[in-house]
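> Following this message is one structure expressed as structure tokens.
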Amino acid sequence: MPADAFDDPPAPDAPPSRSAWSKPRALYEDKHLLVLFKPHELLSVPGRGEHKRDSLAWRAQQYWRNALIVHRLDMSTSGLLVMARSPQVHRLLSIAFAQRQVHKRYTAVVAGQLAGQLATPPSSPGDGNAAEPGWGLIDKPLALDWERRPLHIVDEVQGKPSQTRWRVLPAPPGAPHYPIAHTRLDLEPITGRTHQLRVHLQSIGHPILGDPLYAQGAALNAAPRLLLHARELGFEHPISGKPMFFESPAEF
């Protein structure tokens, strides 16, 4: 599980009292698992030190004492997370993520005009439908930039294989206006490297608007937050076997 909860700007100096925030929004709950919405600028799990305790996991455990984190989103990313409610379910969900059996889809707004294209055929069975018409594929290995931690970079020699599917989306009615040329994208991470979507898009010259780590100048200043949202989450229920699908549209 990538430790990207610690990779963005620091959290507030102290965890707020319960009166300062509301109960995490649950799209689904049963005795086995929870599907929760994580706001942007909230850690997925507690950071190092008492002053970084506030997080979605910490807040969830104030209401669901047995909630266990299974995967993470970057602090600046909003969207859907699933949490287990027992060690058994945690193990089964973790296996599903490791075996790429979980559907994840993101919405992003990137700098510049990015034209759609046909994707490169998948390089392995786990790559899913990477060659589906309308989808492109970014296939670049990623590694931690040790001299500029927590930044990650494309590293053709020591990087881990990393693939991201993308396609262009039309702007929905009433979408916010941004002061520079931009493109709305559907994103599917085939692999799950730290900062993968952010680094891949920066590497092709289209950083995500408002990205405090990988955008600069106009692209950084064009939006008040990182315009990256985990919109869809789908998986097989680890106990019942029932197909589960959840969607939370982006607020941008």
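> Round to a whole angstrom and tell me the spacing of the C-alpha centers of region 65-100 and region 181-223.
Their Cα centres are 24 Å away from one another.
> So for the chain, averaging the separation of alpha carbon pairs under 8 Å that are six or more residues apart and normalising by length, what relative contact order in percent results?
Dividing the mean separation by the residue count of the chain yields 19 percent.
> How much FRET efficiency would the formula 1/(1 + (r/R0)^6) give for Q88 and R65, where r is the Cβ-Cβ distance and R0 is 22 Å, rounded to 0.05?
For Q88 and R65, the calculated efficiency is 0.85.
> Next up: Going down the table (K104/K160; K52/K140; K38/K140; K23/K52), which pairs top 25 Å between alpha carbons? Intermediate results must be reported in sequence, preceding the final value.
Values: K104/K160 20 Å; K52/K140 32 Å; K38/K140 28 Å; K23/K52 18 Å.
As for pairs spanning more than 25 Å Cα to Cα, those are K52/K140; K38/K140.
> Per 0.36 nm of contour for each residue apart, how much would the distance between S240 and I180 grow if the chain were fully extended, relative to their Cα-Cα spacing?
Length gained between S240 and I180: 16.9 nm.
> Label-point separation (nm) for W21 and W146, each offset 7 Å from Cα along Cα-to-Cβ?
With each label point 7 Å from Cα toward Cβ, the separation is 3.4 nm.
> So, by mean Cβ neighbours within 10 angstrom, what's the order for 148-156, 40-48, 166-174 with the highest one leading?
Going by the mean number of other Cβ atoms within 10 Å, highest first, we get 40-48, 148-156, 166-174.
> Counting DSSP beta bridges in the chain, what percent are antiparallel, to the nearest 5?
95
Bear in mind these aren't lab numbers, they're just calculated from the coordinates by the rules spelled out. As the structure is a computational prediction, the values presented were derived from the model and not from experiment. In this analysis, Cβ positions are derived from the backbone assuming ideal geometry, glycine residues included, and neighbour counts consider all displayed protein chains.
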